[in-house]
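Working notes, beginning with the structure itself.
The values are calculated or read from the model by the stated rules, or taken from the named source; none is laboratory data. Note that the structure is a prediction, hence the values are computed from the model and not measured. Here the Cβ positions follow ideal geometry from the backbone for every residue, glycine too, while neighbour counts run over all protein chains shown.
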Amino acid sequence: MTPALYAACMRAVHVVTADGRILRAGRACLFIFDQIGYHRFARLFSRRPLIWATELGYWIVANNRAFFGRFLFRGETPLPLEEHLS
C-alpha cells in the first residue's frame, strides 16, 4: 500500500469492484449495501439528487466520527490501528 493510498483510506471507505472500478465514500457504502441485499435502497440512493445527500451524509459522519462513535459503539473497545492493518 502506498503512502498516498494509506492516507486516502484513512479519510474514506474504498471499494475496488470486480471490474476494476474504485468507489469511495458514499458510493462505496451504496455498493456494499447492494452487495449485502439492499438492492432497492442502493438503487434509489444512487440517483440524483439522493446521491448528493448520500455523499453529504457520509462526509458529515466521517468528519465527526468521534461524536457519532460515542452513541453508536458504546460497548465496543476499539482495536489499535496496527491490528486493523494485519
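Yes/no matrix, rows are residues, columns are (1) touching a strand residue (DSSP E or B) at 6+ places or on another chain (Cβ under 9 Å); (2) more than 20 Å from Met1 (Cα to Cα); (3) assigned to a loop (DSSP other than H, G, I, E, B):
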residue	(1), (2), (3)
Gly20	no, no, yes
Arg27	yes, yes, no
Phe31	yes, yes, no
Gly37	no, yes, yes
Ala42	no, yes, no
Thr54	no, yes, no
Tyr58	no, yes, no
Val61	no, yes, no
Qualifying residues in segment 51-67 (those that are over 14 Å from the mean Cα position of the chain (by Cα) and not small (Gly, Ala, Ser)) - the one modelled with the lowest pLDDT
Phe67
Single condition Tyr38 does not satisfy, out of (1) exposed (fewer than 14 other Cβ atoms within 10 Å of the Cβ); (2) of a type outside the set (S, T, N, Q); (3) more than 15 Å from the chain's Cα centre (by Cα):
(1)
Near pairs, Cβ below 8 angstrom, 6+ apart or cross-chain, from segment 62-77 (surrounded by 10 or more Cβ atoms within 10 Å (Cβ to Cβ)) to any residue that is at pLDDT 75 or above
Ala62/Arg11; Ala62/Ala12; Ala62/Ala25; Phe68/Val61
